[in-house]
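Engineer: This is the structure I want to talk about, given as structure tokens.
The values are calculated or read from the model by the stated rules, or taken from the named source; none is laboratory data. These numbers come from a predicted model, not from an experiment. For neighbour counting, all protein chains shown are included, and Cβ atoms are generated from backbone atoms with ideal geometry for every residue, glycine included.
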Amino acid sequence: MADGNSPKKLKIFLPFAVLLFVGVIILQRFSLKNQIEDLKSRLNVERLNASSLQIQIILAQAAAAEEKIQRVEELSIFIMRTYSNSEFNFSLDFPEVWNFREEKPESGPLKFSLVINSPAGYNYFVEIYELQNKTPREFIVSYYPAQGYKVLDLKEENLSGKKVIRFYTEHSSKDVRGLPYSYGNIALQRGDYLFNLSSSRGRTPQEKMNNPFLENMVLTLRLE
């Protein structure tokens with residue numbers, strides 16, 4: 001009787017053994033897959049952290065270099081990027097690590113504004129105004145005072161073949177340090193529009209108006 005039951009027991013046990021074996025393999029594969037995914041996740045986090053740290057280092061170095069730049073010729077240490085605008089048909093260059101945003105006012109003579117931020121915390125602006133049948137000088141001396149700005153040191157000059165107007169603006173309101181909001185400006189005309197490029201960088205009016213980054217933006221400004 002015992003010998004006769006052995007094949008039957010084997011037939012019953014074998015499928016369970018195979019099923020158990022397959023189950024173990026599936027569990028091992030599932031566990032291995034989870035381990036691989038976990039490892040990938042950790043690697044991605046480490047790469048992200050490393051990348052973030054590297055970016056912070058690059059920005060810190062760029063900010064330090066920006067503070068030291070005194071002449072346009074020294075900007076060669078920066079990798080430049082080109083911003084292009086098809087609506088107003090212009091382009092210009094500024095350092096690759098700088099950020100920018102576009103703004104379009106809903107009314108008034110200001111038709112477009114490009115706001116550029118540098119790692120050192122300075123703001124640069126490209127503002128396009130409709131001259132409204134005024135000369136550039138007439139527009140400047142009438143528009144900015146109406147916005148609460150004093151217009152100082154206004155002078156016309158030639159900047160590498162471009163006829164420009166340099167001027168300094170100082171607002172009546174003050175920042176958290178008790179200093180007035182002030183900007184160096186370089187403006188030039190194209191048809192019925194005034195392109196005004198300005199910056200808050202610099203400690204004195206002369207430093208703001210002769211900002212090398214601002215001058216470089218004007219020099220690379222292409223009015224198509």
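Engineer: Could you go through the range 167-180 and let me know if any residue there is surrounded by fewer than 21 Cβ atoms within 10 Å (Cβ to Cβ) and in contact with a His (Cβ under 8 Å, 6 or more places away or on another chain).
Structural biologist: Filtering the range 167-180 for residues surrounded by fewer than 21 Cβ atoms within 10 Å (Cβ to Cβ) gives 170-180.
Narrowing further to those that are in contact with a His (Cβ under 8 Å, 6 or more places away or on another chain): 180.
Looking through the range 167-180, at least one residue is surrounded by fewer than 21 Cβ atoms within 10 Å (Cβ to Cβ) and in contact with a His (Cβ under 8 Å, 6 or more places away or on another chain).
Engineer: Find the residue count for the range 141-157, including only residues that are touching a strand residue (DSSP E or B) at 6+ places or on another chain (Cβ under 6 Å) and under 24 Å from Asn85 (Cβ atoms).
Structural biologist: Number of matching residues: 1.
Engineer: I'm told Tyr183 meets every condition in (1) modelled with pLDDT under 95; (2) surrounded by 15 or more Cβ atoms within 10 Å (Cβ to Cβ) except one. Can you identify the failing condition by its number?
Structural biologist: Tyr183 satisfies every listed condition except (1).
Engineer: Moving on to the next point. Restricting attention to the range 157-173, does a residue exist that is over 17 Å from Phe125 (Cα atoms), in contact (Cβ under 8 Å) with a residue 40 or more places away in the chain and not aliphatic (A, V, I, L, M)? Spell out how you get there, then give the answer.
Structural biologist: First, the residues of the range 157-173 that are over 17 Å from Phe125 (Cα atoms): 157-163, 172-173.
Going one step further and asking which of them are in contact (Cβ under 8 Å) with a residue 40 or more places away in the chain, we end up with 159-160, 162.
Pick out the ones that are also not aliphatic (A, V, I, L, M) and you get 160, 162.
Yes, the range 157-173 contains a residue that is over 17 Å from Phe125 (Cα atoms), in contact (Cβ under 8 Å) with a residue 40 or more places away in the chain and not aliphatic (A, V, I, L, M).
Engineer: Any idea how many residues of the range 176-224 are in contact with a Gly (Cβ under 9 Å, 6 or more places away or on another chain), polar (S, T, N, Q) and in a strand (DSSP E or B)?
Structural biologist: Number satisfying all stated conditions: 3.
Engineer: So, one more: For the range 80-160, which fully contained strands (runs of 3 or more DSSP E) count at least 3 residues that are of a type in the set (Phe, Trp, Tyr) and surrounded by 15 or more Cβ atoms within 10 Å (Cβ to Cβ)?
Structural biologist: Details: elements: 80-85, 90-95, 99-103, 110-117, 123-130, 149-159.
Output list reads 123-130.
Engineer: Under 7 Å between Cβ atoms, at least 6 apart or on separate chains: pull out the pairs that start in the range 115-132 with a residue that is touching a residue at least 40 places away in the same chain (Cβ under 8 Å) and end on any residue that is in a strand (DSSP E or B) and charged (D, E, K, R).
Structural biologist: Ile128/Lys111; Tyr129/Lys111; Glu130/Lys111
Engineer: Related question: Pick from Asn34, Asn85: which is at pLDDT 60 or above and in contact with a Ser or Thr (Cβ under 8 Å, 6 or more places away or on another chain)?
Structural biologist: So the residue among Asn34, Asn85 that is at pLDDT 60 or above and in contact with a Ser or Thr (Cβ under 8 Å, 6 or more places away or on another chain) is Asn85.
Engineer: Identify, by number, the condition in (1) in contact (Cβ under 8 Å) with a residue 40 or more places away in the chain; (2) under 19 Å from Glu207 (Cα atoms) that Phe90 doesn't meet.
Structural biologist: Of everything listed in (1) in contact (Cβ under 8 Å) with a residue 40 or more places away in the chain; (2) under 19 Å from Glu207 (Cα atoms), Phe90 misses just condition (2).
Engineer: I need the full set of residues from the range 117-132 which are at pLDDT 95 or above and more than 16 Å from Arg101 (Cβ to Cβ), in order please.
Structural biologist: Passing the criteria: Tyr129, Glu130, Leu131.
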